[in-house]
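The structure appears below as C-alpha coordinates.
The values are calculated or read from the model by the stated rules, or taken from the named source; none is laboratory data. This one's a predicted model, so the numbers in the text were calculated from it and none came from an experiment. Glycine gets a Cβ as well: all are built from the backbone with ideal geometry, and neighbour counts include every protein chain shown. Protein only, heavy atoms only, side chains kept; ligands, DNA and RNA dropped before computing areas. Shrake-Rupley method; radii C 1.70, N 1.55, O 1.52, S 1.80 Å.
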Amino acid sequence: MTENNKNKTIHIYTDGACSGNPGPGGWGVYMQYNGHEKEMSGHEEHTTNNRMELTAVIEALNTLKKPCDILLHTDSTYVMKGATEWMEGWKKRQWKNAAKKPVENRDLWELLDEAMQRHTITWKWVKGHAGNVGNEKADTLATDAIKKSKKED
(Lines give C-alpha, C1' and ligand atoms only; values in the text may rest on other atoms or scores of the structure.)
Protein backbone atom coordinates (compact mmCIF):
# COMPACT_ATOMS: atom_id res chain seq x y z
CA MET A 1 0.00 0.00 0.00
CA THR A 2 1.33 3.41 -0.84
CA GLU A 3 1.92 5.68 2.14
CA ASN A 4 -0.23 8.48 0.67
CA ASN A 5 -3.26 6.26 0.22
CA LYS A 6 -3.48 4.56 3.64
CA ASN A 7 -6.70 6.36 4.48
CA LYS A 8 -7.94 5.84 0.91
CA THR A 9 -7.83 2.05 1.10
CA ILE A 10 -10.90 0.18 -0.05
CA HIS A 11 -11.81 -2.75 2.18
CA ILE A 12 -13.32 -5.58 0.17
CA TYR A 13 -14.87 -8.69 1.70
CA THR A 14 -15.70 -11.53 -0.70
CA ASP A 15 -17.37 -14.88 -0.35
CA GLY A 16 -18.71 -17.67 -2.50
CA ALA A 17 -21.21 -20.36 -1.65
CA CYS A 18 -22.68 -23.43 -3.25
CA SER A 19 -25.73 -25.55 -2.42
CA GLY A 20 -24.13 -28.87 -3.26
CA ASN A 21 -20.70 -28.76 -4.83
CA PRO A 22 -21.32 -28.59 -7.75
CA GLY A 23 -24.78 -27.11 -7.60
CA PRO A 24 -26.51 -23.73 -7.51
CA GLY A 25 -24.01 -21.11 -6.40
CA GLY A 26 -23.82 -17.53 -5.27
CA TRP A 27 -21.18 -14.91 -4.68
CA GLY A 28 -21.20 -11.86 -2.44
CA VAL A 29 -19.10 -8.72 -2.09
CA TYR A 30 -19.18 -6.15 0.69
CA MET A 31 -17.03 -3.04 0.16
CA GLN A 32 -16.17 -0.16 2.51
CA TYR A 33 -14.48 3.08 1.54
CA ASN A 34 -14.31 6.38 3.37
CA GLY A 35 -17.59 5.84 5.22
CA HIS A 36 -19.40 4.44 2.17
CA GLU A 37 -20.61 0.87 1.69
CA LYS A 38 -21.48 -1.16 -1.38
CA GLU A 39 -22.96 -4.63 -1.63
CA MET A 40 -23.03 -6.84 -4.72
CA SER A 41 -24.05 -10.40 -5.40
CA GLY A 42 -24.91 -12.80 -8.16
CA HIS A 43 -25.61 -16.45 -8.83
CA GLU A 44 -25.12 -19.29 -11.25
CA GLU A 45 -27.37 -22.27 -11.74
CA HIS A 46 -24.64 -24.94 -11.79
CA THR A 47 -21.18 -24.17 -10.45
CA THR A 48 -18.69 -24.90 -7.67
CA ASN A 49 -17.78 -23.14 -4.47
CA ASN A 50 -14.30 -22.31 -5.79
CA ARG A 51 -15.75 -20.72 -8.94
CA MET A 52 -18.04 -18.56 -6.81
CA GLU A 53 -15.14 -17.52 -4.54
CA LEU A 54 -13.14 -16.46 -7.62
CA THR A 55 -16.12 -14.72 -9.21
CA ALA A 56 -16.70 -12.61 -6.09
CA VAL A 57 -13.14 -11.24 -6.20
CA ILE A 58 -13.25 -10.65 -9.97
CA GLU A 59 -16.56 -8.79 -9.74
CA ALA A 60 -15.30 -6.66 -6.86
CA LEU A 61 -12.10 -5.64 -8.64
CA ASN A 62 -13.83 -5.00 -11.95
CA THR A 63 -16.42 -2.70 -10.40
CA LEU A 64 -13.68 -0.22 -9.46
CA LYS A 65 -13.30 2.38 -12.20
CA LYS A 66 -9.70 3.40 -11.49
CA PRO A 67 -6.62 1.90 -9.82
CA CYS A 68 -7.06 1.55 -6.06
CA ASP A 69 -5.29 0.44 -2.92
CA ILE A 70 -7.28 -2.53 -1.66
CA LEU A 71 -7.31 -4.60 1.49
CA LEU A 72 -9.04 -7.76 0.26
CA HIS A 73 -10.50 -10.00 2.96
CA THR A 74 -11.31 -13.58 1.95
CA ASP A 75 -11.98 -16.83 3.77
CA SER A 76 -10.81 -18.78 0.72
CA THR A 77 -7.23 -20.01 0.97
CA TYR A 78 -7.73 -21.38 -2.56
CA VAL A 79 -8.25 -17.88 -3.97
CA MET A 80 -5.65 -16.16 -1.80
CA LYS A 81 -2.88 -18.71 -2.38
CA GLY A 82 -3.77 -19.01 -6.05
CA ALA A 83 -3.47 -15.24 -6.51
CA THR A 84 -0.39 -14.69 -4.34
CA GLU A 85 1.60 -17.94 -4.58
CA TRP A 86 0.54 -20.28 -7.38
CA MET A 87 -0.46 -18.11 -10.34
CA GLU A 88 3.03 -17.05 -11.45
CA GLY A 89 4.11 -20.70 -11.69
CA TRP A 90 0.94 -21.63 -13.56
CA LYS A 91 1.60 -18.91 -16.11
CA LYS A 92 5.24 -19.97 -16.54
CA ARG A 93 4.04 -23.54 -17.17
CA GLN A 94 1.34 -22.39 -19.66
CA TRP A 95 -1.45 -22.81 -17.09
CA LYS A 96 -0.39 -26.23 -15.90
CA ASN A 97 -0.18 -27.05 -12.20
CA ALA A 98 2.83 -28.65 -10.49
CA ALA A 99 1.53 -32.08 -11.55
CA LYS A 100 1.59 -30.84 -15.18
CA LYS A 101 -2.22 -30.99 -15.40
CA PRO A 102 -4.39 -28.11 -16.63
CA VAL A 103 -5.22 -25.60 -13.89
CA GLU A 104 -8.84 -25.89 -12.83
CA ASN A 105 -10.91 -22.75 -13.37
CA ARG A 106 -8.29 -21.31 -15.70
CA ASP A 107 -10.86 -19.02 -17.32
CA LEU A 108 -11.53 -17.32 -13.98
CA TRP A 109 -7.87 -17.27 -12.92
CA GLU A 110 -7.03 -15.42 -16.15
CA LEU A 111 -9.81 -12.88 -15.49
CA LEU A 112 -8.56 -12.44 -11.93
CA ASP A 113 -4.98 -11.99 -13.14
CA GLU A 114 -6.11 -9.25 -15.51
CA ALA A 115 -8.23 -7.52 -12.85
CA MET A 116 -5.40 -7.61 -10.30
CA GLN A 117 -3.02 -5.76 -12.63
CA ARG A 118 -4.96 -2.50 -12.18
CA HIS A 119 -4.80 -2.37 -8.39
CA THR A 120 -2.47 -2.59 -5.41
CA ILE A 121 -3.90 -5.44 -3.36
CA THR A 122 -3.05 -6.56 0.14
CA TRP A 123 -4.63 -9.95 0.77
CA LYS A 124 -5.95 -10.87 4.22
CA TRP A 125 -7.29 -14.29 5.08
CA VAL A 126 -10.16 -14.31 7.57
CA LYS A 127 -11.72 -17.33 9.21
CA GLY A 128 -15.18 -17.92 7.77
CA HIS A 129 -18.24 -18.00 10.04
CA ALA A 130 -16.21 -16.58 12.92
CA GLY A 131 -17.97 -13.27 13.51
CA ASN A 132 -15.98 -11.01 11.15
CA VAL A 133 -18.70 -8.49 10.23
CA GLY A 134 -17.56 -7.88 6.64
CA ASN A 135 -17.08 -11.58 5.96
CA GLU A 136 -20.49 -12.38 7.45
CA LYS A 137 -22.11 -9.75 5.20
CA ALA A 138 -20.40 -11.20 2.11
CA ASP A 139 -21.47 -14.71 3.16
CA THR A 140 -25.09 -13.59 3.62
CA LEU A 141 -25.06 -11.93 0.20
CA ALA A 142 -23.71 -15.13 -1.40
CA THR A 143 -26.18 -17.46 0.31
CA ASP A 144 -29.11 -15.09 -0.34
CA ALA A 145 -28.13 -15.07 -4.03
CA ILE A 146 -28.50 -18.87 -4.10
CA LYS A 147 -31.95 -18.60 -2.48
CA LYS A 148 -32.92 -15.95 -5.02
CA SER A 149 -31.80 -18.17 -7.90
CA LYS A 150 -33.89 -21.07 -6.58
CA LYS A 151 -36.97 -18.81 -6.41
CA GLU A 152 -36.45 -17.81 -10.06
CA ASP A 153 -36.67 -21.45 -11.19
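Tell me the carbon and sulfur percent of the accessible area for the chain, rounded to whole percent, probe radius 1.4 Å.
The computed percentage sits at 48.
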Practice item. Taking the Cα centre of the range 49-122 as origin, sum charge times position over the Cβ atoms of Lys and Arg (+1) and Asp and Glu (-1), and report the length of that vector in debye to the nearest 20. Key: 360 debye
**Study point:** Flagged links, alpha-carbon separation over 31 Å, of 66/151; 127/150; 100/148; 66/127
**Key:** 66/151; 100/148
Study note, to complete from the structure: For the range 1-98 the trypsin sites (Lys or Arg not before Pro) that pass both the DSSP coil test and the at-most-14 other-Cβ-within-10 Å test are 65, 93
**Study point:** Dipole of the chain, positive end: most advanced residue of 60, 83, 128 [Cβ charges, Cα centre]
**Key:** 83
Point to revise | Rg in Å to one decimal, and Dmax rounded to a whole Å, for the chain via C-alpha atoms | key: 15.4, 49
**Study point:** Dipole in debye (nearest 20) - the chain, about Cα centre, beta carbon charges: Lys, Arg +1; Asp, Glu -1
**Key:** 440 debye
Check your understanding: Which Rg and Dmax, in Å, describe the Cα atoms of the range 32-87?
Key -> 12.6, 36
